[in-house]
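Throughout, read-outs are computed from the coordinates displayed, never taken from laboratory work. Just so you know, these numbers come straight off a predicted model, no measurement behind them. With ideal geometry, Cβ positions are generated from the backbone for all residues, glycine too; neighbour counts draw on all protein chains shown.
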Amino acid sequence: MPPLICLAGPTASGKSGVALALAARFPIEIVSVDSAQVYRSMDIGTAKPSAEERRRVAHHLIDLIDPSERYSAARFCSDAREVIAAIRARGRIPLLVGGTMLYLKALREGLDDLPQASALVRAELEAQAQTKGWPALHRWLAEVDPATAARLAPTDAQRIQRALEVWQVSGRPLSSFFTEPAARQARDERFLTIALEPSERSVLHTRIQRRFEAMLAAGFVEEVRALHARGDLHAGLPALRCVGYRQIWQVIEGLEPPDTLVATATAATRQLAKRQLTWLRSLPERHTLDCLAPDLVPRIEQLVSRALEGG
């Protein structure tokens, strides 16, 4: 069986455009590796493919749950394996595309069953964060699970909360769930991981700002206002912690001035891109290509062709 092809990269690196170009050349179906695109009614700010693009090329693991719900790496692995098997059964090629590196790492390296979420523990952690701040909880995480803390920003509330929840519920650090038995299961699958990394970080930063401004012009604020108007959502949910949504939500609630929105959201997105690149560079056996190179698509087509031919 040919390797599973993964196209990974930081936000605004052009993954979606490359994936669509590959689908014009190969019998590909796209599997989203994106923790934000799983949410329904969150289209503009997650840069989901358009309806026309989804008609042209099948996309999977998009619009799975309501913004009030939670998704996880464990569920992603289960969903992704099911979708991948179905695509292959149709005689087509699954192409994993996205920037949620934890999901990609879990699929590549294996993930033991994690403990179920605990509403009580989550509420306690939320209360502590309200009084102490998430950086304080990040320092606590560094004491009990230094490996996980090292890859998280001190303000990454969603993942800090989940890591501490796992530790409190199971007595084991989150990093310990990437174990040898799970890794052996994952190694049954071969991977071709193509990493899109910019040769000039400043160009990526410019892309990030322009993309956010285009999202605003497309109605991003109105999209978040509609979510806010539902009345059953709050800023602590993982969906509303997504970059861009979090900043607009704060403006809607009067916690931040509107005139700082572009600056704060693009700064947060640049930090996200930096963390994504750090994750990428920790992955072994990846093919790194400059996402700014004019011959990017032909070079990726060559890699994919060789992989499918068994080279």
- Amide H to amide H under 5 Å from Phe191: which residues, 5+ apart in sequence or cross-chain, H placed 1.01 Å off N in plane? Leu4
- Task: Starting from one equal scatterer on each C-alpha and no solvent at all, send me the Debye-based log10 I(q)/I(0) for the stretch 119-176 at q = 0.27 Å⁻¹, two decimals.
- Result: -1.13
- In nm, what is the difference between 0.36 nm times the number of residues separating Ser50 and Ala117 and their Cα-Cα distance? 20.8 nm
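Using a 10 Å cut-off on Cβ atoms, rank the peptides 256-265, 137-146, 1-10 from the highest mean neighbour count down. Let's see the in-between values first.
On the way: 256-265: 14.7, 137-146: 16.7, 1-10: 20.8.
Top of the packing list down: 1-10, 137-146, 256-265.
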- Extension gain, Ala58 back to His287 (0.36 nm per residue minus Cα-Cα distance, nm): 79.9 nm
- Please give the length that would be gained between Ala147 and Glu253 if that part of the chain were fully extended, namely 0.36 nm times their separation in residues minus their C-alpha to C-alpha distance (nm, one decimal). 34.6 nm
- Query: Please state the Cα pair-distance histogram of the chain with 10 angstrom bins from zero: what percent is in each bin?
  - Reply: 5, 26, 36, 25, 8, 0
- Message: Under 23 Å between alpha carbons, and skipping anything fewer than 8 positions from Lys15 in its own chain: which lysines qualify?
- Response: Lys48, Lys105, Lys274
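Please report, ordered by residue number, every helix of the chain (full DSSP H runs) that is 20 Å or longer along its axis going by C-alpha atoms and whose mean Kyte-Doolittle hydropathy reaches -1.0. Let's see the in-between values first.
Values: long enough: 73-89 (24 Å, 0.47); 201-217 (24 Å, -0.30); 261-281 (30 Å, 0.01).
TM-like helix candidates: 73-89, 201-217, 261-281.
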- Using the 10 angstrom Cβ neighbour count as an exposure proxy, how do Leu196, Leu283 rank, fewest first? Leu283, Leu196
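Please report the relative contact order for the stretch 24-113, taking Cα pairs under 8 Å with a sequence separation of at least 6, and give it as a percent rounded to a whole number.
Numbers: 104 pairs, mean separation 38.9, N = 90.
Once normalised by length, the contact order is 43 percent.
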- Contact order relative to length of the chain, as percent, for alpha carbon pairs under 8 angstrom and 6 or more apart: 28
- Message: Need the list of aspartates and glutamates near Lys132 for cross-linking: C-alpha distance under 18 angstrom, and skip anything on the same chain fewer than eight residues off.
- Response: Glu124, Glu143, Asp156, Glu165
- Viscosity 1.567 mPa s, temperature 4 °C: Stokes-Einstein D of the stretch 79-175 from its Kirkwood Cα radius, in µm² per second? 86
- Expected 222 nm ellipticity per residue - DSSP helices of 4 or more, -39500 (n - 2.57), all of the chain, to 500: -16000 deg cm²/dmol
